[in-house]
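The structure appears right after this line, and notes come after that.
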Amino acid sequence: MSPNNDPVAIPMIERNPSDLPGMDSSDPDTLTGEAVLSFHNISYRETVQSGFPFCKKTEEKERLSNVSGIMRPGLNAIMGPEDGRSWLLDVLAARKDPRGLSGDILINGKPQPANFKCTSGYVPQKDVVMHTVTVRENIEFSAALRLPMTVKRDERRRRIDEVLELLHLDEVANVKPRSKELRKKTSVAMELVTEHPILFLDDPTTGLDLKTAIDVISVLRKMSMRGQTIIFSINQAQYSIFKSFDSLTLVTSGKVMYHGPAQKALEYFTLAGYKYDCHNNPADFFLDIINGGFSDLLNTEEEGHDADKYTELSERQYQVTEKLANMYAQSSIYREMRTELDPLLGEQRTGWSSALEEITCVTPFWHQLWWIIYRSFKNSLDFLNATVTQKETILMLNLSLLLPPFSPGRAGLLFSLTILQIIISMSACEFFVIDKDRFLHEHTSGYYRVLPYFLGKLLAELVPRRLLPSIIFTVIVVSIAGVKTDVNGFFTMLFTIMMLAYSASSLPLCFKAGESAMGVPTLLVTIYFVFMLFFSDLSILSESLLPGLSWILYINIPHYGFTALQHNEFLGQNFCTEHNTAEVSRCRNYVICTGEEFLMIQGIDRSSWGFWKNHVALACITIICLSFTYAQLLALYKKRHF
């Protein structure tokens, strides 16, 4: 097939300099104008641990090997097996641990700025948009936290409307992104609104139908024509998508098979002796070449051992990779690329620097806190139906406890309320677990720091969800059960139930903030509460706990709440009316006439401190657990790179 009739030949894109995004050039850490990313002889080795705990084996795996190239403004596609293309993309985007990196990555001939992850866009393969708020609200959140405070509200709104129109989202702006297509478009829009000169996308068309995939690539091409450098990995590209590429990089087994203009790739491989069927998609043709033509080997009718077949397959893949890598290294395209790369490198020898780990935010603490509270509160409203169901369940359980023959008396009723608070608190485990991937992406991209995220989630989600059940509990008990009805007793009971709820909720949080799998932490928390409730119940059935187990009371959250509720309820109560005093004195069985007698039998301190020390203990447990949760969030970012 003649190169002149090459179906993938596309004209060079003309870009209008007036369309370039305006950025502040006074900031040395801010990318300005067009950005050219070059990478020089980069290699990446990942440290992998395997085996059982305390006896893990550590080994290093080479993910990239002596890779060089240049990405200019335009559509720069990276194709190949996932372990190759995604690794190269993430390393260029500074989304991998830099300790395994060797070589140089430059922006316009200079080292990557310390906050490169915050001044470049990145769309992960796994969508991390919040599907409980609308498309516009997701984009507004990104614009509010990633655009400088100098950008006025009207300018922010103009950018948001422009991006919505560009991605054809203006008609669904007030719709929650539930579908895969809508979530992907929203993810792209959240990055485009910041107008960063460089945008990375990890497989932006994966899981999308052809029409949506073409729409996404068309939008990216429009942005590249404005001078933006678009770098993305892609698994498979239809011809309608492939013909939009400006630059093509083929990577497999950590080595480059081709890096150069996309419209010259077909000519490069046909001249090397590979036969191209004119009815074949060029992108599929390239992937078949770098994958070693596995189909020919797997479809052989020869019978043999599977182990021998896959050993041969592995050896063949290695030979194909080495052959293509050597062929590219000796090609004229590679020499032309080196001619451009070497002047850019100059005397720069950046190597690894801890500065690449720096996260910088363009907005102050209180601004971040406000927007996190706002989004978290909007998110909590989506759980309204679940909350209503929860309230109905609470109401039915409480009514069943108050009606004969199930009414257990005052102490039993308070203990039942304690149990219900513990059960409800188990739902707090999801607050940070379900948002872990979103937190890692947003924090790494410079949306916010860890502290405002942590405080915002607690204030907007944990507090309201614990406050509402506490009020419902107190109102039901006061109005139906016949406990203390004075104002002081009501608010004291409300405060005690709230403290118990917050303390009980903080324990699941500290167990699960840094966990991927929820099974083991859930089991541990459940076992803890079952045992603690059991020993709290013993205080009803007997005068004192076994001496050898008395230390359990110091770490027993239900015990502190239950004791405070009893203190508030029984102190000052008189259960024997005056006209029955003589009858009570003649009774052979011991009768408790006052609340003080009951508290004394239970071994509860009747002083004011005997009441407040339980709240102090609950507060201390809450602070310790939340501090541990915050520490886990800090450690979570250090362990994983996005």
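The values are calculated or read from the model by the stated rules, or taken from the named source; none is laboratory data. Since the model is a prediction, treat every value here as computed from it, not as a measurement. Cβ sites come from the backbone with ideal geometry, for glycine too, and all protein chains shown count toward neighbours.
Taking the range 137-152 as the range and being exposed (fewer than 15 other Cβ atoms within 10 Å of the Cβ) and either over 16 Å from PRO364 (Cβ atoms) or aromatic (Phe, Trp, Tyr) (or both) as the test, only LYS152 passes. The sole residue among PHE611, PHE570, PHE535, PHE598 that is modelled with pLDDT of 85 or more, in contact with a helix residue (DSSP H, G or I) (Cβ under 6 Å, 6 or more places away or on another chain) and farther than 30 Å from GLY100 by Cα is PHE611. So which of ALA635, ALA564, ALA619, ALA582 ends up being at pLDDT 85 or above, assigned by TED's automatic domain parsing to the domain that holds PHE454, more than 23 Å from VAL477 (Cα to Cα) and of a type in the set (A, V, I, L, M)? Going through ALA635, ALA564, ALA619, ALA582 in turn, the sole match is ALA619.
Take the residues in the range 467-485 that are small (Gly, Ala, Ser) and at pLDDT 70 or above, then tell me which one is nearest to THR496 (Cα to Cα).
Within the range 467-485, the first condition is being small (Gly, Ala, Ser), and the residues that meet it are 470, 479, 481-482.
Among the residues that remain, those that are also at pLDDT 70 or above are: 470, 479.
Numbers: SER470: 9, SER479: 17 Å.
Restricting to residues being small (Gly, Ala, Ser) and at pLDDT 70 or above, the top hit is SER470.
Filter the range 404-443 for residues that are modelled with pLDDT of 65 or more and more than 23 Å from PHE511 (Cα to Cα) and give the result. Once the filter is applied, which keeps residues that are modelled with pLDDT of 65 or more and more than 23 Å from PHE511 (Cα to Cα), the range 404-443 yields GLY409, ARG410, ALA411, GLY412, LEU413, LEU414, PHE415, SER416, LEU417.
Kindly indicate whether any position in the range 171-178 is without any contact (Cβ under 8 Å) to a residue 24 or more places away in the chain, of a type outside the set (A, V, I, L, M, F, W, C), farther than 30 Å from MET257 by Cβ and crowded, with 20+ Cβ neighbours inside 10 Å.
If we filter the range 171-178 for residues that are without any contact (Cβ under 8 Å) to a residue 24 or more places away in the chain, which is where we start, we get 171.
Next, only the ones that are of a type outside the set (A, V, I, L, M, F, W, C) stay: 171.
Within this subset, residues satisfying the condition of being farther than 30 Å from MET257 by Cβ are 171.
Checking which are crowded, with 20+ Cβ neighbours inside 10 Å leaves us with none.
No, because not a single residue in the range 171-178 is without any contact (Cβ under 8 Å) to a residue 24 or more places away in the chain, of a type outside the set (A, V, I, L, M, F, W, C), farther than 30 Å from MET257 by Cβ and crowded, with 20+ Cβ neighbours inside 10 Å.
Among residues of the range 565-580 that are closer than 15 Å to ILE601 by Cα, those with a Cβ under 7 angstrom from a residue that is modelled with pLDDT of 75 or more and among the small types (Gly, Ala, Ser), sequence gap 6+ or separate chain, pair up as GLN566/ALA411; HIS567/GLY610.
If you go through the range 310-347 and pick out every residue that is modelled with pLDDT of 90 or more and in contact with a Gly (Cβ under 7 Å, 6 or more places away or on another chain), you end up with 2. Only one of the listed residues (ASN174, ASN115, ASN108) is at pLDDT below 95 and closer than 30 Å to LYS61 by Cα. That residue is ASN115.
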